[in-house]
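Asks: One structure, pasted below without further comment.
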Amino acid sequence: MVDDSLLASYAKAYAEEGYVLVKGLLDKAEAKAYREESHALIERLNRDADPTWGSARELTMGRQTELKHCHDVQFYSGAFARLIVDPRFTDVAAAVMGTPNVQLHHTKLFVKPPEKGSPFPLHQDHPFFPHAKHSMGAAILHFDDAPLAKGCVRVVPGSHLNGPLAHAEDGGWHLPFSEWPLEKSVPCEAEAGDVLFFTYLTVHGSGVNTTSDARTTLLVQYRDPADPPTVDTHQSLGQGMILRGIDPTVRGGSAG
Ligand SMILES: O=C(O)CCC(=O)C(=O)O
């Protein structure tokens, strides 16, 4: 159980700055085990598809970079199914949203390979899956250290307070490069076991992994179940699963 006063301090930072880095949510041994499971899963899948955004090339001056990924990891390994309902994680998600109930939108495992791990241009997640009450947030669970040189996640503190911004769509929704260069954001360097929570209105992105070691993270996109999508888009396997509390929108129904 996470201490109530700590939860309150996380909620305050999230409301004011749009993000909070929770140190040591997982211990180092757990993070190491999840890292091994992540890399084993990527090996098992052996997919060629590279989810690097077309727009990411703007950040690398056209240089080819790579990303390895798997959506909805909880359908591939029980370890991840247990992780996304772990109260150490769901209690913080509930506290920062200010609701007792936490619903899954999707999960996304990213491995940024050594030396050429793809960057993400600055963007909000809002245009990908807009919701009425803007409760949606992301938690990025770090399974290894993510210093600046590994292309750690970067955020623009307080940017969520501006509400939804106009994005360009040319291979991934992103903010105009002239107004929103990556340098405008603050690097959130993290260690294995740390979890970065941020709202879907918080402007964020990440740089290239130029080190000799992979960067391994699991992104869990969560929302308040009482916050409906305003556009029917971005469906994924397992969407709607309740990770904590209940779904208060379910009433009655037929037998069987
Ligand atoms: O993992 C990263 O470096 C950033 C991921 C991201 O911004 C996203 O998936 O929206």
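Asks: State all residues of segment 194-223 that are more than 12 Å from the ligand (Cβ to nearest atom), closer than 18 Å to Ile84 by Cβ and in a loop (DSSP other than H, G, I, E, B); if no residue qualifies, say none.
Replies: Result: Asp194, single match.
Asks: Quick one: count up the residues across segment 197-219 that are out of contact with any Gly (no Cβ under 9 Å at 6 or more places or on another chain), surrounded by 22 or more Cβ atoms within 10 Å (Cβ to Cβ) and farther than 21 Å from Arg57 by Cβ.
Replies: Number satisfying all stated conditions: 3.
Asks: Within the bounds of segment 60-81, is there any residue that is in contact with a Gly (Cβ under 8 Å, 6 or more places away or on another chain) and within 30 Å of Asp4 (Cα to Cα)? Break it down into steps so the answer makes sense when it comes.
Replies: Pass one, segment 60-81, residues in contact with a Gly (Cβ under 8 Å, 6 or more places away or on another chain): 65-67, 72, 74-75.
Now narrow it down to the ones that are within 30 Å of Asp4 (Cα to Cα): 74.
Among the residues of segment 60-81, at least one is in contact with a Gly (Cβ under 8 Å, 6 or more places away or on another chain) and within 30 Å of Asp4 (Cα to Cα), which makes the answer yes.
Asks: Considering only residues that are open to solvent by 50 Å² or more (accessible area, probe 1.4 Å), farther than 18 Å from Pro187 by Cα and either in contact (Cβ under 8 Å) with a residue 12 or more places away in the chain or in a helix (DSSP H, G or I) (or both), which ones fall in segment 1-23?
Replies: Selection gives Met1, Asp4, Ser5, Leu6, Ala8, Ser9, Lys12, Ala15.
Let's see how each residue does on (1) within 14 Å of the chain's Cα centre (by Cα); (2) surrounded by 22 or more Cβ atoms within 10 Å (Cβ to Cβ); (3) within 16 Å of the ligand (Cβ to nearest atom); (4) of a type in the set (A, V, I, L, M):
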| site | (1), (2), (3), (4) |
| --- | --- |
| Phe75 | no, no, no, no |
| Gly78 | no, no, no, no |
| Leu109 | yes, yes, yes, yes |
| Pro113 | no, no, yes, no |
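Asks: Looking at segment 224-250 only, could you name the residues that are under 20 Å from the mean Cα position of the chain (by Cα), part of a loop (DSSP other than H, G, I, E, B) and closer than 19 Å to Ala139 by Cα?
Replies: Of everything in segment 224-250, those that are under 20 Å from the mean Cα position of the chain (by Cα), part of a loop (DSSP other than H, G, I, E, B) and closer than 19 Å to Ala139 by Cα turn out to be Asp224, Pro225, Asp227, His234, Gln235, Ser236, Leu237, Gly238, Gln239, Gly240, Met241.
Asks: Moving to a separate point now. Regarding Arg63, is this residue in a helix (DSSP H, G or I) and either of a type outside the set (Phe, Trp, Tyr) or open to solvent by 10 Å² or more (accessible area, probe 1.4 Å) (or both)?
Replies: Answer is no for this residue.
Asks: Next up: Give me the pairs, please: first residue somewhere in segment 211-223 and over 11 Å from His142 (Cβ atoms), second residue anywhere and among the acidic types (Asp, Glu) and open to solvent by less than 20 Å² (accessible area, probe 1.4 Å), beta-carbon distance under 9 Å, and either six or more positions apart or on two chains.
Replies: Asp213/Asp144; Ala214/Asp144; Gln221/Asp125
Asks: Residues of segment 158-198 being over 14 Å from Pro119 (Cβ atoms) and out of contact with any strand residue (DSSP E or B) (no Cβ under 8 Å at 6 or more places or on another chain), which ones?
Replies: Selection gives Gly158, Ser159, Leu161, Asn162, Gly163, Pro164, Leu165, Ala166, Glu169, Asp170, Ser178, Glu179.
Asks: Which numbered condition trips up Asp194, out of (1) open to solvent by 20 Å² or more (accessible area, probe 1.4 Å); (2) in contact (Cβ under 8 Å) with a residue 12 or more places away in the chain; (3) charged (D, E, K, R)?
Replies: With (1) open to solvent by 20 Å² or more (accessible area, probe 1.4 Å); (2) in contact (Cβ under 8 Å) with a residue 12 or more places away in the chain; (3) charged (D, E, K, R) applied to Asp194, the lone miss is (1).
The values are calculated or read from the model by the stated rules, or taken from the named source; none is laboratory data. Predicted, not measured: the structure shown is a model, and the values here were computed from it. All Cβ positions, glycine included, derive from the backbone under ideal geometry; neighbour counts span all protein chains shown. Heavy atoms of the whole protein, side chains included, go into the accessibility calculation; ligands, DNA and RNA do not. Shrake-Rupley method; radii C 1.70, N 1.55, O 1.52, S 1.80 Å.
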